[in-house]
1. How many residues does the range A:246-271 contain that are assigned to a helix (DSSP H, G or I) and more than 9 Å from every other protein chain (Cβ to nearest Cβ)?
2. Quick one: residue B:156 ticks every box in (1) polar (S, T, N, Q); (2) under 28 Å from residue B:42 (Cβ atoms); (3) free of Cβ contacts under 8 Å to residues at least 40 places away in the same chain bar one, so which box is it?
3. When you check residue B:30 against the structure, is it touching a helix residue (DSSP H, G or I) at 6+ places or on another chain (Cβ under 9 Å) and either over 15 Å from residue B:131 (Cβ atoms) or of a type in the set (D, E, K, R) (or both), yes or no?
4. Might you check whether a residue that is surrounded by fewer than 22 Cβ atoms within 10 Å (Cβ to Cβ) and under 23 Å from residue A:106 (Cα atoms) occurs anywhere in the range A:206-227?
5. Being within 30 Å of residue A:62 (Cβ to Cβ), in contact with a Pro (Cβ under 8 Å, 6 or more places away or on another chain) and either at the interface with another protein chain (Cβ under 8 Å from one of its Cβ atoms) or modelled with pLDDT under 95 (or both) is the filter here; which residues of the range A:188-245 pass it?
6. Mind listing just one residue for me: the one in the range A:105-119 that is in a helix (DSSP H, G or I) and surrounded by fewer than 21 Cβ atoms within 10 Å (Cβ to Cβ) and, of those, nearest to the other protein chains (Cβ to nearest Cβ)?
7. Would you confirm, using the coordinates I've provided, whether residue B:332 is aliphatic (A, V, I, L, M) and either outside any loop (DSSP other than H, G, I, E, B) or closer than 15 Å to residue B:136 by Cβ (or both)?
8. Identify, from the list B:401, B:423, the residue that is crowded, with 23+ Cβ neighbours inside 10 Å and away from chain A (no Cβ under 11 Å).
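The values are calculated or read from the model by the stated rules, or taken from the named source; none is laboratory data. This one's a predicted model, so the numbers in the text were calculated from it and none came from an experiment. Heads up, the Cβs are rebuilt from the backbone with ideal geometry, glycines too, and the neighbour counts pull from every protein chain shown.
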Amino acid sequence: MDRRNFLKAVALSGAAFTSIKESDAMNLLVQSFQTAQATAKYDLVAIMGGEPDEMYKKAIAEIGGMKNFIKPGDKVVVKPNIGWDKTPELAANTNPKLVEAIIKDCFSAGAKEVTVFDHTCDDWRKCYANSGIEEAVKATGAKLVPANEESYYKPVSLPQGKSLKSAKVHQAIVDADKWINVPILKSHGGAQMTISMKNYMGIVWDRGYFHANDLQQCIADVCTYSKRPALNIVDAYRILKTSGPRGRSEADVALAKGLFISQDIVAVDTAAANFFNQVRELPVDRVGHLAKGQELGIGTMDLSNLNIKRIKV
Amino acid sequence: MLKKIRIAVSVILFALISWHFLDFAGLLPQQLHWLEKIQFIPALLAVNVLIIIGLILMTAILGRVYCSSICPMGVYQDIVAWLSKRFIRKKKYTYGKAKTVLRWSFLGLTVVAFLFNFSFLLGLLDPYGAYGRMTTHLFRPAYLAGNNLLAAIFTSFDNFTFYKTAIYGLGVFSTAVSLATLVCIAVLAWKNGRTYCNTVCPAGTILGTISRISVFKIRFVEERCNKCGLCRMKCKASCIDSNKLQIDYSRCVTCFNCIEICNRDAMQYAPMKLKKQESSLVLPSDSPPVNEARRRFLSASLLTGLAAGKMIAQESSDGILQKKAVKRETPIAPPGAVSFDRLRDKCISCHLCVSKCPSHVIKPAFLEYGPGGMMQPILYFDRGFCNYDCTVCGEVCPTGALVPLTKEEKNATQMGQVQFTMANCIVYYDETNCGACSEHCPTQAVSMVSYKDSLTIPHIEPTICVGCGGCEYVCPAIPHKAIYVKGLKSQNTIEIKFEKQKDVEIEGFGF
């Protein structure tokens, strides 16, 4: 038995152990075993039934731990969706508890600094504050930076793009070693769904161009930007089933208690869209940017060929 | 001592009011808007009885303390006058006769214009409003530029204590008026101190009338006075006739400079007349002719005001008809304005709402409301849209022109109604997905409905539209927007139906 197989065996037995006993100490143990792995066992981890931070801890452990994705000394950006002046209960923004857990995990994996931002739709100061994300970020010692002015963005070229050949991307992403994409699963009047790929619209300055030049294609195009997210972590704890992406009231919200992690952005969005489809019918093929993303080779919609771990808490 | 107290109070209030106008980052507590609410003309317009009585009583007891310390325009003039002394070493003021006729003409004209719905003049002359505009249009860009410079420096060191914020013009007309006000008042103050307060300012004229009978007054102690004239030379209101030992209390702003300078302690701020007979002898001999002139001028100004009002009313209808090229025929008033008529009567265009709007959607009108409403606030969506839950403008408005709204009231206030032009819509002519409008709509008055294949196209329900302009701001269609908000002359209340949240049972992952 070589070292890798031994570690795999240990990790598997550890994982099995956690499903029986769910103490935090045990989780930590499992995590510390798995971070020793060189590569992740699974292409995608789907988990449901828990609290945001709890589900995140279990899922990240299954996919190999944060140390698998960021190196000590890395400058990391965590990019949630903070688009709206709405409280967490209204499911317009990524859950602050999840954001907090991810940032803490990045620091314990050795990140030198963690930066958080979003190009918001509503007034950015209100969005940062009322989403609960400002408070969550402050609790971790990460940096919450503004994204309200064009001068914070740097031009990047997108040679693979079809409709979008270049874009201005926030300097925090441009300067970062790694970035983690943390969208929330929502319905979307224009793009049909907003998940990981659509969350890219919060790292760019000129969104109007996207809307005016084939939105679905531009979303796929911007995802070809050479600096891909180290991980896509989809928050489906509360999902906005109707009136997305903004929502009107809690009547638009469903408590779905889900979370999806993958490096494959198309796969994780396909999985999340299928999950959403159970709450409200919305065929995956209507979410045009998924197929367009697959066409551009940034990921796959074919979940049957992937090694997926499904966990119910 | 009195002078030092006066200066301290003035400096503190002036700094706070100015900073409150400039403070885009919300460093000062929100409640500080009481500083604007205690201003005289705003309180009159807001019919804030307590404050009006308070200010009148204060004037009747202490003299024009309001003009001296509370009014930011008064302090601005003092600052200019103080600067002038740095440049002109031997600067002396002299006693000048009261320009009573001019004074009452200005007040009369303002009142008449106001009664004839031309409240522009009141807004133009009200010292607090004029100072507010100077701050909003001239000092604020400088403050923002300073902030952006700091932001650039700090950001380059990876420090985000300061953040950049957009600097932009708010319309040529209001900026020009602000600049003209700044320059004219500065020139007057540089030369002669408080000329504006004692000639033009409507608040100064009203309070000056009250201060004639004030209990505490600056009075000569005649046996000590040697008529050296120092007090006269120091009087920025030019109201001390040191030869006759008379003070024109209608112009005295109780700055105490005279008391401070007097070597012989011959001036006192006291409640009782020290030599009764002399001052009472002097006053009647001077007053009656003035009164007659005043009466004549009042009636004359009433007539000219009438004529002017009519002429202006005619001009207004012509102006609006010519401006048809603007796509929004009816402007949008800020939330809580209730109606255009009410806004026009109550607003003095201090532009505090313009400064304070976090979404940058309030700017001064030009002729959108007609000439009487020039410089009053309108919504425009070039730089943002009205935040659904935000109630800042109504909270800060000192005149009650914008009624303070609760979040729930604001959510139900309809300022305008959405209009959709399908021919301009990207979904229609490009046949690609968009939906930016619906995305921003807080009430889903704009929703996306099935169109061709997997496309969805906007569908509007103007009855539940609040008129926030999110759709209009974000609509990417060029050259003409496909969606915009039509203003309402009177704001409505919309009914929001709250559905109940349904529990959702999810069995599996769905894949």
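1. The qualifying residues number 5.
2. Every condition holds for residue B:156 apart from (2).
3. Yes.
4. The answer is yes, given that some residue of the range A:206-227 is surrounded by fewer than 22 Cβ atoms within 10 Å (Cβ to Cβ) and under 23 Å from residue A:106 (Cα atoms).
5. A:188
6. The extreme case among them is A:107.
7. no
8. Of the residues listed, the single one that is crowded, with 23+ Cβ neighbours inside 10 Å and away from chain A (no Cβ under 11 Å) is B:401.
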